[in-house]
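See below for the structure under consideration.
The values are calculated or read from the model by the stated rules, or taken from the named source; none is laboratory data. None of these values were measured; they are calculated from a predicted model. Cβ: placed from backbone, ideal geometry, glycine included. Neighbour counts: every protein chain shown. Side chains included, ligands, DNA and RNA excluded: accessible areas come from the protein's heavy atoms. Shrake-Rupley method; radii C 1.70, N 1.55, O 1.52, S 1.80 Å.
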Amino acid sequence: ATSGNLSDEPICIDQHVALDRLGGIADSFLVHDRPIVRHVDDSIVRLIAGREMMLRRARGYAPLPIAVGSRHNNVILAVGAHLKNTVALKVGSDVFVSQHIGDLATKAAHDAFTRAAADLPRLYEAEPDVIAHDLHPEYLSTRFALQQPGQKVAVQHHWAHIVACMAENEIAPPALGVSWDGTGYGLDDTIWGGEFLLARNDGNFERAGHLRPFRLPGGEQAIKEPRRCALGLLHEIFGEELWRKPRYLKAFAPNETTVLRQMLAKKINAPLTSSAGRLFDAVGALIGLRQRTSFEGQAAMELEFAAANDFSGSPYPFQLIGESPIVIDWEPAIRALLSDIESGTSPGEISAKFHHMLSKIILATADRSGEPKVILSGGCFQNRYLTELVIADLRAAGFEPVWHQWIPPNDGGISLGQAVAASWREPEATES
C-alpha cells in the first residue's frame, strides 16, 4: 500500500483523480472521506559527515521557516527551478519554503506549482512585492514569474545554490562558493554546473573558476544518455581524431555516430557545458557503468557506490589554467583514466581516483582564492563519498567547509537562495 502518482507527477490527493490517473497501475484503492488540501511527499534525508542532509524537504519540515538577515523589507516570492521545484516566501527575516513539488514537466506538476505559489502568500497573509526567478528564460517557473504583476529579480542558478547554503548556515560574505550540479543557465548563455563563485560583500558574486567546458551532443538528450556526455568529453580532447578510434565508439551504432559527428563538427544542438554532473555521467559511461539512465543522476550514483572505500593511491592529475576565472582542466585526468581502462584497472579504483581528484580540485581552487570559508552546494554534494572527502581535505588545510543540513543541496534549495539573493539587492524596476 502506498500513496500514488505517475512518474514525475505529484501525489494524487483526490480519490476521483487517483481512480482516473492510476486505474491502469493499481489493483485496488483504499479511499476515505477526509479531504486533503495539498500534497506533501515524504521527506528524505541522508547521513553525511556525521549529520543529516535533507535531500527532499516535505512532510515534517515544510514550511518551517529559515531565519535569515534582511537588507530590505520587501515581501519576496521565489518560484524556484524547473526540477525538484519548491517555492519560497520571504516575510521579514523569515523565509518559508514550500514542500517538495517536483519536476515541472507535466501539467499535474505545473498545476501543483501554481497552487503552491498562490498558497504561501495566502497562508501568511503577505502580498509579494517582488518575484524572484531563475535566469533561464525557458523554465516554466520563470515564465510563470514573468506573467505576474510587480517587480522581478532574476537570480543566476548556481548563485542561488550558494546563497541557500549560506543562508541556512547563517554565513555572511565574503566566501568561496563551490556550486556543482547537472545544469544551470550561465551568465554567458552556456550551461554552467562546475562553478566556483566568490560571494562579495555587496551581495553579488563573481565567477572565480569553473571546469573546462565540453559539448553535449543532442543537448538535453545527453542528460538521459551518459554515453553522449562521454563522447562530447572525448571529442573535446581528440577532436576529429576521435572518429578514428573505434574503441571509444562501441556504445553507438554506426548511423548514430554519423549524426553525432555532424552535431559536434557543426556545433548544432551540442551546447557547451562546464557541468560537474555531466562530467560524472561521462566517467560513468567511459568505465562501463551506465550508457543510458532511467532516472536523474543514475550514472553519478553508480559511480559513487562503485568507489573503493579503502583507496590509498594517488588521485588523477589536473591543471589550473589562467586567472579570473580559473579554468580547471580535466584532460590530464581523462587521459590517465583511459589508460587505466586499457590496463584493466577496476571501476572501483578508477572511481576513487576520480573522486579524490575532484576533492583536490576544490582544495587547490580554495588555496588560490584565499577565502577561509568554502560553501558546498549543488546536487553533486548529495554524493556522500565526495562530500566527506572534500570536508576532510578542506579542514586538514585550515579551511572552514560549510554544507547543507535542513535545506537540500539540489534544486529543492533554489527557491530559498532566490529569495535571499533578491533581498540582498534592490529589485530591478520591471513592471508588468
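Some notes on this structure:
- Test: residue in the stretch 249-268 that is in contact with a strand residue (DSSP E or B) (Cβ under 6 Å, 6 or more places away or on another chain) and assigned to a loop (DSSP other than H, G, I, E, B): no
- So residue 167, is it in a loop (DSSP other than H, G, I, E, B), over 24 Å from residue 321 (Cα atoms), over 15 Å from the mean Cα position of the chain (by Cα) and touching a residue at least 60 places away in the same chain (Cβ under 8 Å): no
- Residue match in the stretch 7-25 (condition: in contact with a Leu (Cβ under 9 Å, 6 or more places away or on another chain), loosely packed, with under 14 Cβ neighbours inside 10 Å and in contact (Cβ under 8 Å) with a residue 12 or more places away in the chain): yes
- Of all residues in the stretch 109-162 being part of a helix (DSSP H, G or I) and of a type in the set (Ser, Thr, Tyr), the one that is farthest from residue 377 (Cα to Cα): 114
- The test for being within 27 Å of residue 213 (Cα to Cα), of a type outside the set (Phe, Trp, Tyr) and open to solvent by 50 Å² or more (accessible area, probe 1.4 Å) holds for residue 138.
- When residue 305 is tested against (1) part of a helix (DSSP H, G or I); (2) open to solvent by 30 Å² or more (accessible area, probe 1.4 Å); (3) under 21 Å from residue 363 (Cβ atoms), just one condition goes unmet, and that condition is (3).
- Within the stretch 32-66, considering residues that are under 16 Å from residue 415 (Cβ atoms) and part of a strand (DSSP E or B), the one least open to solvent (accessible area, probe 1.4 Å): 54
- One residue from 76, 48, 11, 44 being among the aliphatic types (A, V, I, L, M) and at pLDDT below 90: 11
- Total residues in the stretch 283-302, condition in a loop (DSSP other than H, G, I, E, B) and either buried (at least 19 other Cβ atoms within 10 Å of the Cβ) or on the phi < 0 side of the Ramachandran plot (or both): 10
- Unique match (being open to solvent by less than 10 Å² (accessible area, probe 1.4 Å) and either at pLDDT below 95 or more than 28 Å from residue 237 (Cα to Cα) (or both)) among 216, 146, 123, 176: 176
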